[in-house]
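Encoded as structure tokens, the structure appears first; notes follow it.
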Amino acid sequence: CSVSDLGPISLNWFEELSAEAPP
Amino acid sequence: TAGAEPLTPVLLDDLREESLQLLSKLKDSSSSCAVDVSTMWWGAAGSRELCVVTASESSVSLWKPLASDRWGKLHTWQLREIPVIQIVPLPDTCNLVCVALGELEIGEIRWLLLYSSENDSFEQSLVKAGNIKAVLGLQERRLVSSSRTGQEQQVEMVSLAETGRSKDGQTLMPPEETVLAFAEVEGMREALVGTTAVNSIVVWSVNLKTGQLLKKMHVGYSYPASICHRAYSDSGLLFVVLSHPHAKESESCGTPAFRLVAFNPRTARSAGVLCSSLPLGQAGRQRCDPSVCHRRYLEGDVQDTSATAVLTSGAIAVWDLLLGQCTALLPPGPQGSWVLARWATTSACLLAGQRDGTVCLYRY
């Protein structure tokens with residue numbers, strides 16, 4: 001697997017996952 | 001300095017690698033077996049100095065730089081009830097260091113205060129007790145640990161006051177499997193990663209309100225029992241430096257010691273970016289003399305883009321993680337094998353420890 005196969009990338013992954021995760 | 005014992009530096013001698021230059025040597029005459037070594041900031045009267053901390057099973061000593069690359073022992077804490085297992089440095093903290101104590105695994109963590117403005121004393125006190133599996137000192141005097149009681153795992157972060165006493169505590173959501181190592185995500189104060197007993201990477205949000213578990217991502221079956229050392233976020237990817245103490249030799253990578261792996265936290269997919277392998281023995285891979293063959297990685301440290309490790313041959317190796325190459329090799333000295341390899345607060349200085357408690361400082 002190369003870096004180009006890792007799927008759609010989000011620059012704001014941390015904020016997005018924090019908003020989606022249960023508190 | 002009153003109370004300090006001056007030591008004579010040993011200058012560059014027969015090193016085979018020019019990229020490591022011996023600066024000085026510390027030998028604690030009162031200590032026997034070296035357990036750990038680290039650096040920490042010590043400040044008094046408005047100035048701050050980088051000091052060396054050495055640990056034996058029953059004591060922890062603070063060493064202060066003197067003139068001409070000499071070092072003087074400033075203070076020794078005696079910890080005779082439970083053996084010292086490791087030093088837990090707090091990266092950007094002055095006058096405060098933690099130590100982990102226990103038998104086979106960590107049973108308690110204590111802070112050691114080097115200087116108290118209130119009463120000019122050297123103190124120590126308990127931070128946490130239990131069956132502690134992993135502990136890491138974070139920026140801003142925070143300490144994270146994982147512990148197990150039966151089937152239940154607790155992952156906890158504690159904030160320490162300047163006096164060492166616990167200020168705030170926060171419980172992080174634990175994964176099902178045991179967390180074996182932690183790493184801060186550099187530049188992201190609220191992000192923390194860990195590696196688990198089933199070879200997963202866990203990402204938490206640690207913002208003192210919630211300890212959310214944001215993502216769990218599998219490292220892959222080829223490299224079991226991975227340990228995380230450093231993590232960086234760049235261009236939407238999470239880059240993690242992992243070590244692989246139990247990795248097998250492969251055609252493509254030799255025997256991997258460290259790998260830089262890119263994770264996409266949105267999709268949980270990962271890809272190896274660079275691999276840093278063990279150096280070949282002096283006799284080469286095919287006819288490897290066991291006495292010089294660097295078969296396995298024992299323990300190591302990562303700082304910036306440099307990694308170092310003690311190998312089963314008794315040598316210390318240094319790698320440039322961006323090149324994926326071993327850049328220096330420190331063979332066992334006449335006094336025996338190396339047992340400890342740590343970076344000072346920058347990768348420009350390597351602390352190399354021998355079993356008898358001698359610590360050598362090398363410029364890299």
Within the range B:171-194, take every residue that is under 18 Å from B:Val158 (Cα atoms) and among the β-branched types (Val, Ile, Thr) and give me the one that is farthest from the other protein chains (Cβ to nearest Cβ). B:Val179
Residues (of a type in the set (D, E, K, R) and touching a residue at least 60 places away in the same chain (Cβ under 8 Å)) located in the range B:208-253: B:Arg230
Here is a list: B:Leu104, B:Leu126, B:Leu66. Which entry is over 16 Å from the mean Cα position of the chain (by Cα) and over 30 Å from B:Pro175 (Cβ atoms)? B:Leu66
May I ask you to list the residues in the range B:231-255 that are outside any strand (DSSP E or B), surrounded by fewer than 18 Cβ atoms within 10 Å (Cβ to Cβ) and out of contact with any Asp or Glu (no Cβ under 9 Å at 6 or more places or on another chain)? B:Ser235, B:Gly236, B:His246, B:Lys248, B:Glu249, B:Glu251, B:Ser252
Against the definition (part of a strand (DSSP E or B), modelled with pLDDT under 90 and either in contact with a Leu (Cβ under 7 Å, 6 or more places away or on another chain) or surrounded by fewer than 20 Cβ atoms within 10 Å (Cβ to Cβ) (or both)), how does B:Leu298 come out, yes or no? yes
State the number of residues belonging to the range B:183-203 that are more than 21 Å from A:Ser4 (Cα to Cα) and touching a residue at least 40 places away in the same chain (Cβ under 8 Å). 13
Output the residue which, of all residues in the range B:222-238 that are out of contact with any strand residue (DSSP E or B) (no Cβ under 6 Å at 6 or more places or on another chain) and within 13 Å of chain A (Cβ to nearest Cβ), is modelled with the lowest pLDDT. B:Ser222
In the set B:Ser145, B:Ser200, B:Ser205, which member is among the polar types (S, T, N, Q), buried (at least 19 other Cβ atoms within 10 Å of the Cβ) and within 14 Å of another protein chain (Cβ to nearest Cβ)? B:Ser205
Enumeration of residues in the range A:1-21 that are facing another protein chain (nearest Cβ under 7 Å) and part of a loop (DSSP other than H, G, I, E, B): A:Cys1, A:Ser2, A:Leu6, A:Gly7, A:Pro8, A:Ile9, A:Ser10, A:Leu11, A:Ala21
Would you mention how many residues in the range B:188-230 are closer than 28 Å to B:Asp320 by Cβ and part of a loop (DSSP other than H, G, I, E, B)? 11
Can you spot a residue in the range B:243-265 that is within 14 Å of another protein chain (Cβ to nearest Cβ), closer than 24 Å to A:Ser2 by Cβ, charged (D, E, K, R) and under 20 Å from the mean Cα position of the chain (by Cα)? yes
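Each row is one residue, and each column tells you yes or no for (1) at pLDDT below 85; (2) not in a strand (DSSP E or B).
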{"site": "B:Leu101", "(1), (2)": "no, no"}
{"site": "B:Glu118", "(1), (2)": "yes, yes"}
{"site": "B:Val135", "(1), (2)": "no, no"}
{"site": "B:Asp168", "(1), (2)": "yes, no"}
{"site": "B:Pro174", "(1), (2)": "no, yes"}
In the range B:309-363, which strands (runs of 3 or more DSSP E) lie fully inside it and hold 3 or more residues that are in contact (Cβ under 8 Å) with a residue 60 or more places away in the chain and among the hydrophobic types (A, V, I, L, M, F, W, C)? B:316-320, B:325-330, B:349-354, B:358-363
For B:Leu74, all conditions in the list (1) over 20 Å from B:Leu340 (Cβ atoms); (2) modelled with pLDDT of 90 or more; (3) among the aliphatic types (A, V, I, L, M) hold save one; what is the number of the exception? (2)
Only one of B:Leu90, B:Leu50, B:Leu101, B:Leu96 that is surrounded by fewer than 16 Cβ atoms within 10 Å (Cβ to Cβ) and of a type outside the set (Lys, Arg): B:Leu50
Out of curiosity, is B:Lys73 buried (at least 16 other Cβ atoms within 10 Å of the Cβ), of a type in the set (Lys, Arg), touching a residue at least 40 places away in the same chain (Cβ under 8 Å) and within 24 Å of B:Val158 (Cα to Cα)? no
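The values are calculated or read from the model by the stated rules, or taken from the named source; none is laboratory data. Because the structure is predicted, anything quoted here is derived from the model rather than measured. Heads up, the Cβs are rebuilt from the backbone with ideal geometry, glycines too, and the neighbour counts pull from every protein chain shown.
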